[in-house]
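To start, the structure under review is shown below, and the notes come after it.
The values are calculated or read from the model by the stated rules, or taken from the named source; none is laboratory data. Remember, it's a predicted structure, so these values are computed and weren't measured experimentally. Cβ: placed from backbone, ideal geometry, glycine included. Neighbour counts: every protein chain shown. What goes into the accessible areas is simple: the full protein's heavy atoms, side chains included, and nothing from ligands, DNA or RNA. Shrake-Rupley method; radii C 1.70, N 1.55, O 1.52, S 1.80 Å.
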Amino acid sequence: MAGNGSENGAPAAHGGQLDLPIRPRRNRRTAALRAMVRETHVTPADLILPLFVVDGRDVREEVKSMPGTSRLSRDRIVAQARTAHALGIPAVALFPVIDEGLKDAHATEGANPDGLLQLTVADLKQAVPDMLVITDVAMDPYSSDGHDGLVVDGEIVNDPSVDILCGMAVTQAEAGADLVAPSDMMDGRVGFIRDALDDAGFTDTGILAYSAKYASAFYGPFRDALDSAPKHGDKKSYQMDPANRREALREVLLDLDEGADMVMVKPALPYLDVIAAVKQESTVPVAAYQVSGEYAMIKAAAANGWLDEAAVVMETVTAIKRAGADLILTYFAIDVARRVGA
């Protein structure tokens with residue numbers, strides 16, 4: 001390009017300045033300029049707030065491995081949802097803490113129409129009708145084995161597990177769930193849940209499929225919150241190998257064929273490449289879950305003065321959206337919504 005260098009290839013200088021016609025820093029010169037040309041914007045409408053619900057009334061129990069996050073009774077869940085809704089957050093995702101005495105091998109309590117999760121959904125739809133309610137379809141909170149599928153002779157069996165999940169999904173829809181979210185990673189479950197919902201008359205109830213859920217080491221604090229860790233073995237025979245990316249696309253395409261209305265990648269930040277790849281293939285909205293371990297690391301580093309919590313939170317959620325996520329499940333949802341405004 002003419003005018004950007006001398007005969008020997010070095011930039012020509014005029015009065016101590018380089019002769020540079022292209023200066024990308026011009027667009028970074030002031031806060032107003034940076035805001036005007038910003039490519040990725042996080043808004044409250046992008047966020048989903050995960051909430052842990054526990055039995056009782058006026059209960060708030062902090063999760064020790066997730067400072068600032070608590071298990072909440074139904075009345076406090078409603079109050080937290082009202083706060084989120086007022087900030088422009090469109091949805092909450094519910095995860096129940098189930099008493100050990102109610103757990104069994106078949107996760108029977110999960111399909112109880114009067115169960116903790118179902119009653120909480122009904123409370124929310126009555127108190128905050130415009131708030132979308134997303135329910136977790138998985139056996140592990142209700143299972144005496146702590147697995148997402150039925151355990152028979154030490155093996156997690158797929159097809160009988162899908163039958164159990166269908167029963168859960170229908171009772172959640174009956175309670176008023178807007179979206180059911182199968183997080184189990186059993187083969188075929190999205191299609192059978194879709195059929196079960198339709199057969200029960202819930203054709204408008206959506207499915208947010210945990211399509212690419214990895215067997216991640218980042219779930220530890222979540223399992224503390226729900227007391228849902230496996231009693232034996234691990235989840236590697238059904239959750240995905242962290243080394244695999246193409247397999248995530250296979251799972252997503254299968255879930256789309258089976259009727260998923262939205263798909264999810266979990267965890268989020270360690271899998272930005274997967275989010276980007278899924279976004280390229282998906283014809284439906286893509287969600288990503290900034291999981292408990294991601295949250296706990298930021299909180300721990302901030303508590304030690306090693307990181308600026310607010311700045312790091314915004315950087316991470318922006319990165320997740322930049323990678324392609326349309327929706328972000330994050331325990332920081334209320335903090336982010338207050339920061340970015342409606």
*Going by alpha carbons, how many degrees (0 to 90, nearest 10) lie between the helix axis of 189-199 and the longest principal axis of the chain?*
60
*Rounded to 10°, Cα long-axis angle of helix 158-175 versus longest principal axis of the chain*: 90
_At a threshold of 8 angstrom on Cα-Cα distance, excluding pairs fewer than six apart, so keeping six or more, what relative contact order does the chain reach in percent?_
17
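Calculate the all-directions average of the projected area of the range 33-80's alpha-carbon convex hull, and give it in nm². Display every interim value, and only then the final one.
Values: hull surface 20.5 nm².
Projected area, direction-averaged: 5.1 nm².
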*How much of the accessible area of the chain, in percent, comes from carbon and sulfur atoms when a 1.4 Å probe is used?*
50
*Determine, at each q value in 0.12, 0.14, 0.24, 0.26 (inverse angstroms), the log₁₀ of I(q)/I(0) that the Debye formula gives when each Cα of the range 243-321 is one equal point scatterer.*
-0.40, -0.52, -1.06, -1.18
*Based on the mean of other beta carbon atoms within 10 Å per residue, what is the order of 85-93, 192-200, 291-299, 165-173, most packed first?*
165-173, 291-299, 85-93, 192-200
*In nm, to one decimal, how far is the modelled label at residue 311 from the one at residue 30, with both set 7 Å along Cα→Cβ?*
2.3
_5 Å binning of all Cα-Cα separations within the range 58-161, expressed as whole percents from 0 upward_ = 2, 12, 19, 19, 19, 13, 9, 5, 1, 0
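Going down the table (236/321; 103/231; 213/235; 213/236), which pairs top 20 Å between alpha carbons?
Working: 236/321 28 Å; 103/231 12 Å; 213/235 11 Å; 213/236 11 Å.
Where the Cα-Cα span goes over 20 Å, the pairs concerned are 236/321.
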*asked:* Largest first, please: the extent of the C-alpha atoms of the range 96-210 along each principal axis, to the nearest Å.
replied: 44, 31, 21
*Run a plain Debye calculation on the range 193-241 (Cα atoms as equal point scatterers, no solvent) and give log10 I(q)/I(0) at q = 0.26 Å⁻¹, rounded to two decimals, same order as the q list.*
-0.94
*Matching label, Rg and Dmax of the Cα atoms in Å computed from the structure shown, candidates (1) 20.6, 61; (2) 22.8, 83; (3) 19.8, 65*: (2)
*Can you grab the distance from the C-alpha centre of the range 194-259 to the C-alpha centre of the range 270-342, Å, no decimals?*
19
*Given +1 on the Cβ of Lys and Arg, -1 on the Cβ of Asp and Glu, and no further charges, what dipole in debye does the chain carry about its Cα centre, rounded to the nearest 20?*
2220
_For the chain, what does the accessible surface come to per residue with a 1.4 Å probe? Please give it in Å²._
46
_Just to be sure I understand: with springs between alpha-carbon atoms less than 10 Å apart, which residue in 23, 189, 250 has the highest mean-square fluctuation in the Gaussian network model of the chain?_
23
*Apply the Kirkwood formula to the range 110-175: the hydrodynamic radius equals the inverse of the mean of 1/r over all pairs of different alpha-carbon atoms; give it in Å with one decimal.*
12.7
_Within the chain, percent of DSSP bridges classed antiparallel, to nearest 5_ = 20
*Can you work out D for the range 124-273 in µm² s⁻¹ from Stokes-Einstein, where Rh is the Kirkwood radius over C-alpha pairs, the temperature is 37 °C and the viscosity is 0.692 mPa s?*
207
